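This report concerns only the one structure given below.
Every number in this text was worked out from the coordinates using simple rules, so none of it is lab data. Note that the coordinates shown come from a computational prediction; the quantities given were computed from them, not determined experimentally. Every residue, glycine as well, gets a Cβ built from its backbone with ideal geometry; the counts of neighbours run over all protein chains shown.
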Amino acid sequence: MPSKAEELVRSYYERVDADDVDGLLGLFSEEAVYRRPGYEAMNGRADLEAFYRGERVIRKGSHTVHTITEQLPRVAVSGSFSGELKDGRQVSVEFADFFTLESDGRFGRRETFFYAPLV
């Protein structure tokens, strides 16, 4: 049986893949911070909403979770994403996500890393 943390993480990917922005925003605390390569740190739900409704370069796609490892309040995820960017390009990339849970059971922090050559 999955833990509450695992259920929350899996719910995040289901909601982002379904383009359920309102639903996924509800998984984050009001002051949540999200960091990912190529973007300034997003601070708070307003920044997260701006990212998911406009700045995000992905048009559609799906995440596949390979592993979830918990050492609460941190949850580490490895997985892959396949989809289409807004410019029409098809992408397939592996990622690692690190979530930090707040005492209210919401995400207070998320950090994303991609397995792609940059240097």
**Complete:** Rounded to whole Å, √(5λ) for the Cα gyration tensor eigenvalues of the chain, largest first, gives 21, 17, 14
**Message:** Just to be sure I understand the model, the point goes 7 Å from the Cα along the line to the Cβ. What's the resulting Glu31 to Ile58 distance in nm?
**Reply:** 2.8
**Message:** If I model a spin label at Val65 and Val91 as a point 7 Å from the Cα along the Cα→Cβ vector, what separation in nanometres do I get?
**Reply:** 2.1
**Fill in**
Between Glu84 and Asp104, the FRET efficiency computed from the C-beta separation at R0 = 41 Å comes out, to the nearest 0.05, as 0.75
**Message:** What distance in nm lies between label points placed 7 Å from Cα along the C-beta direction at Phe51 and Val21?
**Reply:** 1.4
**Message:** Using Cα-Cα distances under 8 Å and only pairs 6 or more residues apart, what relative contact order does the range 18-102 have, in percent?
**Reply:** 20
**Fill in**
Rounded to the nearest whole number, the Stokes-Einstein translational diffusion coefficient of the range 31-81 at 4 °C and 1.567 mPa s (Kirkwood radius, C-alpha pairs) in µm²/s is 101
**Asked** For the chain, modelled as a GNM with alpha-carbon contacts under 10 angstrom, which of Glu40, Glu102, Glu84 fluctuates the most?
**Response** Glu40
